[in-house]
Every structure is written in structure tokens, then in C-alpha cells.
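What follows is calculated from the coordinates using simple rules that are stated; it is not laboratory data. No experiment lies behind these values; they were computed from the predicted model shown. As a convention, Cβ positions derive from the backbone with ideal geometry for all residues, glycine included, and neighbour counts pool all protein chains shown.
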Amino acid sequence: MATEQIATAINAWDVAQRQFDLAAEQLHLPDGLRKVLREPQRELTVHFPVKMDDGTVEVFTGYRVQHNLGRGPAKGGIRYHQNVTLDEVKALAMWMTWKCAVVGIPFGGGKGGVIVDPKRLSLREVEGLTRRYATEISIIIGPERDIPAPDVNTNSQTMAWIMDTYSMNVGYTVPAVVTGKPIPLGGSEGRNEATAQGVVYTIIDAAKHLGMDLPKCRVVVQGFGNAGAIAAQLMSAQGSSIIAVSDSTGGIFKPEGLDIGAVLAWKQEHHTVCGLPGTKDISNEELLELDCDILIPAALENQITARNAGRIKARLIAEAANGPTTPEADEILYNNGKFLIPDILCNAGGVTVSYFEWVQDLDRDFWSIDQVNEKLHRIMTKAFASTLDMCLREKVNMRTAAYLLAVQRVADATSVRGLYP
Ligand code: GLU
């Protein structure tokens, strides 16, 4: 079976609940609290029509899930992908709850998705789909309720359309209804790079802990979207050598190190990283198992599984993607002495700068890039240090450590609020 078939065969919601159960058990969470946090609070499914360029009408299916609203409004991205399922969106929403809690920002977790391959649609069709989907989910989103952001195959333009649609419906401009907007609409400096920037801050801290010298490290990046491409650039700026990268079409390998600027230019022109002169084409499966020091999965869920975890050679794995590693693989990696920075910590820079953007929009007061990055650095470094402390103290892997911190925070908020009515 190819990696993509294995990845879609594993149910992300099952993975998310098992990760939660592990933490709940260690924390001795009361049974009632466990039952509450194990399920999403709200799940909305929408089927909506879109007029296509040839005049026909297509009906699409989308979701918005709010896992938990205990610590604040729901927060999380919207993804467009042909393999989106309700269970996947539920998992992604739950992971957002823990992610916001790990870095201590006052949000709960949410996520949205539409079953569509946007690469097969024209720009006008994607706009039509986005505006209608935004209208359908507008019954549960809002700056105090649930604040979407970009995720796989969505970007600042998508957020601009959602912000405009929501604003037109209520009759006034509401910048804080989404984050990850273009800067002229109230977007934040540094938001576009924030996920990758946060990933690199955690890698720097992990490398310090492990005694790794970044300029001597060989890095492999799976996924060349917003997180992967920018992480590759930033790691290259740290002096590391990026020996392989991939996107959904396949990967490229160059043992002496890739020129990331050249990869970006090639991808821009050919819509794939594959075929760049001077590189060797490799599959996504081969890429994960390459001999390297740092592996950055920055694509989709379930890429590192029981099947390939034993062959991962990287010493350090930094999860820029959400849910790239299964619980079975976590155990194998841990037993093999690998150090893994879990998604809910590693890629939390994105939602952290989303929080900054929301605050700036509500205050109508905007910060410089230096202010943004300084605050982001402080938050990421603190979250990394608390997770590492927990990991060493409780003798658990970094994922369980991050869960122990996050789940306890959400559990505390939930129990101190009490049960309504
Ligand atoms: N989609 C990103 C994530 O998975 C960002 C979410 C946000 O900024 O709300 O963390």
C-alpha cells in the first residue's frame, strides 16, 4: 500500500482520541470530565451549491467543528482537500484545543474543511465556493464565537473573501472574524511566516537540548506549502543544509543541499518541485526514510506509522503538520531514541500570531514585525521549556508531555466554570 492509502485508511479522529485517553489516564482525570473533553461540542455539516464556469451547478460538502469553547472562542483553520472527512475535521479541531492551551492563548479549538480539490477549480469557482461556504457556517462563526484561519490549500485571499462575505451579511466590516488576512484588511505582520517561524524556534531549542549544531545538520522537509516551504527557507538561513523536499506530486533529493530559492522559483513555474535540474526525484515514502539529522513533516496526517517509523533516521522530528505521526509510531520513535517536537507545540506559532492578529483587529492598533516576532519567540520558548520539563520529570515522550500540560489547563478551566445548568 502506498503512503497516501495508508494515511487515509487510518482514522485521524481515532488517533486524536487515543492521544487524549493516554493523557487523561496519566492525569487521573475524573470520568465525567474525560467524557466531555473526548467529544466535540458542536459539529456542523453543510451541503451547498456553487455555479461553475460552464454554467452547471455543483453541490459541495463542508464542515465546521468546535471541539471546545471552555477557554475562549473556537480557533482553527479551514482546509480544502479532496480527502476531507468529518472525522478528520473533528481530530483537527481537538488538536487546536490542546495547541491553544499548550501556548496559553485564550482560545478553544475549531476546524473547518470542504471536500474539494481546489487545484481543479478556476479562481472564480474557488471564490464562489468560499463565499457560499462562509455564508453557510456564518451561523456559528464570529469574532467572539469561532475565528477561522488558513490551513491546507487556503490562504490570505480565502480569508479576505470570508471576511468580506461575513461583513456584507452583517452590514459592517468585521476584520476579527478571521485571521491570516492580507495586511491591508487588518492582517498581522509576520502571520504568513508564523507557523514556520514557530517551528524553527522550537527546533533551535530542541537542538540546544540535544547538543546538535544546526549549521552541521541535514534537513528533510515533507510538504512545500506555507509551513514547509518557509520552514525550509528559515532552516537554510540557520545554516542547515536542506537535502530533500517534497510536495503532493513527489520529492527531490540533493545530498549537497538544495537552493531553496531555486526550488521556490521552479515550483512557481511548474506547480511541482519535481524535475528541478541537478536533483534526483524521489517518492514521499523514500524521503521520510532518508539519512538526515532533522525531519520536518509539513504535509498531512498519518505519514509516520508503525510501518515506516522504525526506518526513520533523523534524530530530531519537528511536526509542522498536524497529526503526521500515529501513536504506534510515537512509541517506536521514542524507543529508538528519537526526539519529536509534537504538532500541538511545534506548529503553534501560526495560531499564536493569529491570536496577535485578532487582538490587533479588536484594538484597531497594529504592531511591527519585530514586536510580533519578539512576542512569538517568548511564547514558543516558554511552551517548549515547560513541555521539556514535563517530559523529563514524568519520563514520557514530548507529545504526552505537551498533552499533560494542555489537557490539565482545559480540564481546570472546565471544572472551575462548573456544569451548566
Ligand atoms: N491552520 C493552522 C493550524 O493548524 C492555524 C490555525 C489558526 O491560526 O487559527 O494551527
One residue from T195, T173, T158, T135 being among the polar types (S, T, N, Q), surrounded by 21 or more Cβ atoms within 10 Å (Cβ to Cβ) and within 26 Å of V50 (Cβ to Cβ): T158
Breaking point among (1) within 11 Å of the ligand (Cβ to nearest atom); (2) more than 16 Å from the chain's Cα centre (by Cα), for P106: (1)
Odd one out for N155 among (1) within 16 Å of the ligand (Cβ to nearest atom); (2) in contact with a Leu (Cβ under 9 Å, 6 or more places away or on another chain): (2)
Qualifying residue in the stretch 391-399 (condition: under 26 Å from F224 (Cα atoms) and surrounded by 21 or more Cβ atoms within 10 Å (Cβ to Cβ)): yes
Yes/no for S415 being over 19 Å from the mean Cα position of the chain (by Cα), away from the ligand (no atom under 16 Å from the Cβ), more than 19 Å from A318 (Cβ to Cβ) and in a helix (DSSP H, G or I): yes
Meets criteria (within 16 Å of the ligand (Cβ to nearest atom) and over 21 Å from G323 (Cα atoms)) for E144: yes
Selection within the stretch 48-68 - without any contact (Cβ under 8 Å) to a residue 60 or more places away in the chain and either within 16 Å of the ligand (Cβ to nearest atom) or among the charged types (D, E, K, R) (or both): D54, E58, Y63, V65, H67
Selection from the stretch 217-240 of residues that are surrounded by fewer than 24 Cβ atoms within 10 Å (Cβ to Cβ) and touching a Cys at 6+ places or on another chain (Cβ under 7 Å): R218
P106 vs. criteria touching a His at 6+ places or on another chain (Cβ under 8 Å), closer than 23 Å to I162 by Cβ and not aliphatic (A, V, I, L, M): no
Matching residues in the stretch 100-136 - criterion: being part of a helix (DSSP H, G or I), more than 30 Å from M380 (Cβ to Cβ) and aliphatic (A, V, I, L, M): L123, V126, L129, A134
Residues (closer than 19 Å to L345 by Cα, among the hydrophobic types (A, V, I, L, M, F, W, C) and touching a strand residue (DSSP E or B) at 6+ places or on another chain (Cβ under 7 Å)) located in the stretch 208-251: L210, V221, A231, A232, M235
Answer from Q5, Q17 - the residue that is loosely packed, with under 13 Cβ neighbours inside 10 Å and either more than 16 Å from the ligand (Cβ to nearest atom) or within 23 Å of A348 (Cβ to Cβ) (or both): Q5
Residue within the stretch 331-341 that is in contact (Cβ under 8 Å) with a residue 60 or more places away in the chain, under 24 Å from M235 (Cβ atoms), within 16 Å of the ligand (Cβ to nearest atom) and touching a strand residue (DSSP E or B) at 6+ places or on another chain (Cβ under 6 Å) present: yes
Scan of the stretch 45-81 for residues that are in a strand (DSSP E or B), surrounded by fewer than 21 Cβ atoms within 10 Å (Cβ to Cβ) and within 21 Å of the chain's Cα centre (by Cα), ordered by number: H81
Candidates L185, L214, filtered to the one that is in contact with a Pro (Cβ under 8 Å, 6 or more places away or on another chain) and surrounded by fewer than 24 Cβ atoms within 10 Å (Cβ to Cβ): L185
Near pairs, Cβ below 8 angstrom, 6+ apart or cross-chain, from the stretch 19-47 (closer than 21 Å to K111 by Cβ) to any residue that is aliphatic (A, V, I, L, M) and assigned to a strand (DSSP E or B): P40/V65; R42/V65; E43/V65; L44/V65; H47/V59
